[in-house]
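Notes for the one structure printed next.
Bear in mind these aren't lab numbers, they're just calculated from the coordinates by the rules spelled out. Since the model is a prediction, treat every value here as computed from it, not as a measurement. With ideal geometry, Cβ positions are generated from the backbone for all residues, glycine too; neighbour counts draw on all protein chains shown.
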């Protein structure tokens, strides 16, 4: 076939196109992913019993701020990466900030505690549950985010995949935090941070395969 | 900003509003630039003109299908370049050339030269279309290849007008995927 013929064919009956579509579709995916992660947590795990006590609220707020920071920064990145050439205008540095902040706070809190308590602070009561729950809950938001990104046109599939994994991990941590009663900062840094990084790596591995267009 | 960028961006903005004439001019002008770009890149690694033409068509189709991902607040050149380069790398990956063989280039390079001498590409759209579901085939054939209006196509394919539009949209995407898979090594 000649390219001119293709151009003629494509130019027959051109429909108007909405350029805000990508942002809107990503927003919808984000909301749907968050709702499903929350639902999964409520059904599978349930919220922590002491949710309303002042102590729980304070630690919960910290965890939520950490996870929400990741979701916010990473979704800005992801919306850029979803468009062709977006990778050239997107820096990955801001998404590291929440991790840096939580690691710093964890280090301070370890510094203020005698080293005999460190073990318990890092491992908590439920490290295994955290290690499993965050990646499992992240599967659904990850699928929804990847589906939305696929309908745009990412041109750096590895970074777009990693970023989708990061968003999904953040959403999942947000939901899981409502259940988890391990409140020490080192625990959050190691197990929340670690599992979210795990989700990001998985996204980077799957990106090139799942996002091709 | 170059005049090429300004002109082509104006055409793109009009085409996003649904202006068919602008869309056609835009695709024509972009296809000539893409042809020069791909011929240059493929010549560097010893590939021929018909392969370059396959890529031109893949990229034109991608630009058409993915035009909703263009952000009017940004210049057009980097967007076109990112698509052109993505399709080049994707093609080389399919044909087992390593990514390291793709020369580094700047966004402006895709707009730098004009080449209107098209070769015949290696794929036959009507044959590829036979792999699509019946409804998509009928809608694309009627509107895109035979030049009927959407209303006429709806009658010919016994679909509603909105179903014709949806089937064209989905069909072109499926077709682009088939073309991407068919492009020979």
Problem - FRET efficiency estimate (nearest 0.05) - Cβ-Cβ, residue A:89 to residue B:4, R0 22 angstrom - result: 0.60
Problem - Degrees, to the nearest 10: A:193-210 long Cα axis against longest axis of chain A - result: 20
Problem - Label point 7 Å beyond Cα of residue A:45 along Cβ direction - residues of segment A:182-213 with amide nitrogen under 20 Å - result: A:182-203
Fill in the blank from the handout: Looks like segment A:100-213, by Cα gyration tensor root eigenvalues a ≥ b ≥ c and the a/c under 1.5 rounded cutoff (else prolate when a/b is bigger than b/c, oblate otherwise), is prolate
Practice task
Tell me the label-point distance for the pair residue A:65, residue A:197, using the 7 Å Cα-to-Cβ offset, in nm and rounded to one decimal.
Solution key: 2.2
Exercise for the section: Could you work out how far apart the two model spin labels at residue A:143 and residue B:73 are, taking each label as a point 7 Å from the Cα in the direction of the beta carbon, and quote it in nm? Expected result: 3.3
Problem - Distance between modelled label sites at residue A:131 and residue B:108, nm, 7 Å Cα→Cβ extension - result: 5.4
Completion exercise
Expressed in µm² per second, the diffusion coefficient of the protein assembly as shown from the Stokes-Einstein equation, with Rh the Kirkwood radius over alpha carbon pairs, at 4 °C and 1.567 mPa s, is 56
Practice task
Take the Cα gyration tensor of segment A:5-154, multiply each eigenvalue by 5, square-root it, and list the three semi-axes largest first, rounded to whole angstrom.
Solution key: 41, 19, 13
Problem - Whole-number percent relative contact order across chain A, with pairs defined as alpha carbons under 8 Å at least 6 apart - result: 32
Practice task
Quote the relative contact order of chain B in percent (integer), defining contacts as alpha-carbon pairs under 8 Å separated by 6+ residues.
Solution key: 24
Handout entry: Ordering of A:78-85, A:29-36, B:67-74, A:108-115 by burial proxy (mean other Cβ atoms within 10 Å per residue, highest first)
Key = A:78-85, A:29-36, B:67-74, A:108-115
Exercise for the section: Could you compute the FRET efficiency for residue B:169 and residue A:118, with r as their C-beta to C-beta distance and R0 at 56 Å, rounded to 0.05? Expected result: 0.45
Practice task
Return an integer: the convex hull volume of the alpha-carbon atoms of segment A:103-144, in Å³ per residue.
Solution key: 68
Exercise for the section: Return the FRET efficiency for the residue pair residue B:50, residue A:96: r is the Cβ-Cβ distance, R0 is 35 Å, and the value is rounded to the nearest 0.05. Expected result: 0.15
